[in-house]
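A.B. asks: Below are the C-alpha cells for one structure; questions will follow.
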Amino acid sequence: MDHNRAVHFDRHTNLLQLEEHMYPLVDVEYPNTFRNLFPYTEVPKIAFNDRIVPHHMPDEIWITDTTFRDGQQSRTPYTTDQIVTIFDYLHKLGGPRGIVRQSEFFLYSKKDRDAVYKCLERGYKFPEVTSWIRANHEDFKLVRDLGLKETGILVSCSDYHIFYKMKMTRREAMQHYLDIIRDCLEIGVSPRCHLEDITRADIYGYVIPFCLELRKLMDFYQIPIKVRCCDTMGYGVNYPGAVIPRSVPGIIYGIQVHAGFPSELIEWHGHNDFYKAVSNSTTAWLYGASGVNCSLFGIGERTGNTPLEAMVFEYAQLRGTLDGMDTTVITDLAEYYEKEIGYRIPPRTPFVGRSFNVTRAGIHADGLLKNEEIYNIFDTEKFLKRPPVVAVSNTSGLAGIAHWINTWFHLKGEQAIDKNTELVHMVKAWVDNEYESGRVTVLTDEELLAVIQDACDKLGITLEQGGTSES
C-alpha cells in the first residue's frame, strides 16, 4: 500500500528516499542454519549476490570497551585495583572528547561491584561505566541502584541459539526478550541489546522484525535502546556484494534503513576467528554504526575481540586526526600488562609488541639507519614512545650495538651508553664469535638481553630503564 510508505529526505545523500519498512517476523518451524554457507564439515563459504549498499559514515564515531567483560571472560579475572588502573588509562587514552566512550563491567561478584564503585568515584565523563547482566529483574535493580544509566542484555538472534540453545521458536524468543527489555525500561534503565551470533541469523526474517519491535518500545518509553551487532563467531565479511548474514555492510544497512535505528544507537562487536575483526569493525563505521566495541590487545573469547588500540589508529586514519586521544598511553598499558599483570604480548603484535618496529633484514636496516621514514610506519616515538630499532647482526659494529642498548633501555643524553664502553665491547666480542662460528641469522632480543645481563653482572653494573647504576 503506497500510502504507508514514508518519503523522507536523507541529509547524507541529499535525496528523497522511499523505503519499504514492512518486515514481519518469519516464525519458521525448523531452524534456518544456512547450511549452504556454514556446512560445518567444510570451510564456511563466502557467497555474493552483488547487492551493493552505500557508505554511510556517521557524523560521530567512537570506541566502546569490553576489556572488563568479554576480555575478562577469557583470562584470569583482574583484581579491583587492576581494573581501576586500566580504567584510568582508558580515560587518558580517550582524551577530552571521549573517543573511548564507554566501558562495560560485570556486576556478578563483590569484586566486580567494588571496581564499579571505585571507577564511578573517579567522576570521569568518559568512559561511561555501563554493565552487562543476566536478564532478570533483580539484576536490573542492581544496575539502577548503582546509578548506571545503561546495561547490556543478551538477546541471541540466530536459529542456532534460539532453537538449539534456548529450545524456543523465534516468536517465543522474541516475546521472551521483549518482556525482559520492557522490565528494564520500566525502572528507567536504557537497554543495550546484544544481538549474539548475528552473522548466522536470518536478518530480514528475525533480526529486522525484532529491531522494529524495539523501536516501538523506544518510542513508547522515550528511553534509548541500543543494538550491538555481535559477530560472535567472526563470520562477518567486509566485501561489497557479499550475501547476508555474513555481510557487515548489509547488516548495518538493514538495521539503520529498514529498522530505523540511528547511527548513535548501533554498535559492532567483532571476533577475530578469521582474522577480520579490525576490517569488519572499520566497515561497520563506514556503513553507519557509530560505535565499535573492542578490548585491549584483542583479549577475548577464543581468538579474541577487535583490539582497542587498532581502532584508535583506524579512527585517526579515517578522520585525519586523533581528536585529542593520547596514543602514548597504549605503550603505558602494554608495559602495565606485562610487568604488573603478567600478560605476555606476542612480540610482533602491531603497535604494542616488543618487535613491532624492529628492523631485522640487513637491507632494511641499512635504509632505516639512513632515514627512519623508509621502514617505519609513522613516528612511533612520538605516538607510542617507541623509536624504531635496528636488530644486531655481524655488520652492526660497536655503534649499532650501542644504539640497540640505548633504544631498548630508553637511555638518552648523559645516560646513553657510548660505543667505546667496556659493556659494548664485551657484547660485540660475543656477537663476532657467533658469526665467526657460522651463524647467518640476526640475533634475537632474548639472546642480546641475556648477553648484556651477563656482561653487566661481570662488570658489576645494573642496566635499567633510564640509566645505569653500580651493583
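The values are calculated or read from the model by the stated rules, or taken from the named source; none is laboratory data. Source: prediction; values computed, not measured. Methodologically, a virtual Cβ is constructed for each residue, glycine included, from the backbone with ideal geometry; neighbour enumeration extends over all protein chains shown. Heads up: the accessible areas ignore ligands, DNA and RNA and are worked out on the full protein's heavy atoms, side chains in. Shrake-Rupley method; radii C 1.70, N 1.55, O 1.52, S 1.80 Å.
A.B. asks: Rounded to the nearest 10 Å², what accessible area does Met233 have for a 1.4 Å probe in the complete protein model?
C.D. replies: 60
A.B. asks: Further, regarding this structure: Add +1 for every Lys or Arg and -1 for every Asp or Glu among the other residues with Cβ under 13 Å from the Cβ of Asp273, and state the total.
C.D. replies: Details: positive: Arg200, Arg246, Lys276, Arg302; negative: Asp197, Asp231, Glu301.
Value of the local net charge: +1.
A.B. asks: Related question: What net charge is computed for the residues neighbouring Gln317, neighbours being all others with C-beta under 15 Å from the C-beta of Gln317, Lys and Arg scored +1, Asp and Glu -1? Write down the numbers at each step before the final one.
C.D. replies: Values: positive: Arg319; negative: Glu309, Glu314, Asp323, Asp379.
Spelling it out: positives minus negatives among the neighbours equals -3.
A.B. asks: Where both partners of a DSSP beta bridge lie in the chain, what percent of those bridges are antiparallel, to the nearest 5?
C.D. replies: Values: 10 of 45 bridges.
Just about 20 percent of them are antiparallel.
A.B. asks: Roughly speaking, to the nearest percent, how much of the chain's 1.4 Å accessible area is carbon and sulfur?
C.D. replies: Values: 11260 of 21700 Å².
Exposed carbon and sulfur together represent 52 percent of the surface.
A.B. asks: Could I ask something else about it? For the range 350-439, what is the accessible area per residue in Å², given a 1.4 Å probe and the full set of protein chains?
C.D. replies: Numbers: 4890 Å² over 90 residues.
It amounts to 54 Å² per residue over the range 350-439.
A.B. asks: Another one. In sequence order, what are the phi-derived ³J(HN,Hα) couplings for the range 68-79 according to the Karplus relation 6.51 cos²θ - 1.76 cosθ + 1.60 with θ = phi - 60°, rounded to whole Hz, with x for glycine and proline?
C.D. replies: 8, 10, 5, x, 7, 5, 10, 8, 4, x, 5, 6
A.B. asks: Amide H of Met168: which non-local residues (sequence gap of 5 or more, or other chain) have their own amide H closer than 5 Å, using H built in the peptide plane?
C.D. replies: Phe163
A.B. asks: For the range 292-315 and the range 1-76, what is the centre-to-centre distance using only Cα atoms, to the nearest Å?
C.D. replies: Cα centroid to Cα centroid, the span is 21 Å.
A.B. asks: Could you tell me which of the pairs Lys45/Lys149; Lys125/Lys165; Lys110/Lys165; Lys92/Lys419; Lys118/Lys167 are separated by over 32 angstrom between their Cα atoms in the structure shown?
C.D. replies: Working: Lys45/Lys149 41 Å; Lys125/Lys165 38 Å; Lys110/Lys165 29 Å; Lys92/Lys419 38 Å; Lys118/Lys167 40 Å.
From the list (Lys45/Lys149; Lys125/Lys165; Lys110/Lys165; Lys92/Lys419; Lys118/Lys167), the Cα-Cα distance tops 32 Å for Lys45/Lys149; Lys125/Lys165; Lys92/Lys419; Lys118/Lys167.
A.B. asks: A follow-up question, please. For a quick check of understanding: with a 1.4 angstrom probe and all protein chains in place, what accessible area in square angstrom does Glu314 have, to the nearest ten?
C.D. replies: 40
A.B. asks: For the range 378-466, what does the alpha-carbon gyration tensor say about shape, rounded, prolate or oblate, given a ≥ b ≥ c as the root eigenvalues, a/c under 1.5 as rounded, and a/b over b/c as prolate? Numbers along the way, then the final one.
C.D. replies: Numbers: a/c = 1.98, a/b = 1.26, b/c = 1.57.
It is oblate, given that a/c is not under 1.5 and a/b is not larger than b/c.
A.B. asks: Assuming a ≥ b ≥ c are the square roots of the Cα gyration tensor eigenvalues, decide whether the range 6-108 counts as rounded (a/c under 1.5), prolate (otherwise, with a/b larger than b/c) or oblate.
C.D. replies: oblate
A.B. asks: How much accessible area per residue does the range 43-199 have, counting only protein heavy atoms and a probe of 1.4 Å, in square angstrom?
C.D. replies: Values: 6850 Å² over 157 residues.
For the range 43-199, the solvent-accessible area averages 44 Å² per residue.
A.B. asks: Next question. From the phi of every residue in the range 269-278, what ³J(HN,Hα) in whole Hz does the Karplus formula 6.51 cos²θ - 1.76 cosθ + 1.60 yield, where θ is phi - 60° and glycine or proline is x?
C.D. replies: Ordered by residue, 3J(HN,Hα) equals 10, x, 10, 10, 4, 10, 6, 10, 4, 6 Hz.
A.B. asks: Local charge sum around Leu443 (other residues, Cβ-Cβ under 15 Å, Lys/Arg +1, Asp/Glu -1)? Could you put the intermediate results ahead of the total?
C.D. replies: Working: positive: Arg354, Arg360, Lys428, Arg439; negative: Asp432, Glu434, Glu436, Asp445, Glu446, Glu447, Asp454.
Net of charged neighbours comes to -3.
A.B. asks: At 222 nm, what value in deg cm²/dmol follows for the chain if DSSP H runs of at least 4 each add -39500 (n - 2.57) and the sum is divided by all its residues, to the nearest 500? Walk me through the numbers on the way to the answer.
C.D. replies: Working: 15 runs with 165 residues, N = 471.
That calculation yields -10500 deg cm²/dmol at 222 nm.
A.B. asks: Out of residues 5 or more away from His271 or on other chains, whose amide H comes under 5 Å of its own, with H placed 1.01 Å from N in the peptide plane?
C.D. replies: Asp231, Gly234
A.B. asks: Whose amide H sits under 5 Å from the amide H of Thr130, counting only residues 5 or more places off or on another chain, with H placed in the peptide plane?
C.D. replies: Ser103, Glu104, Phe105
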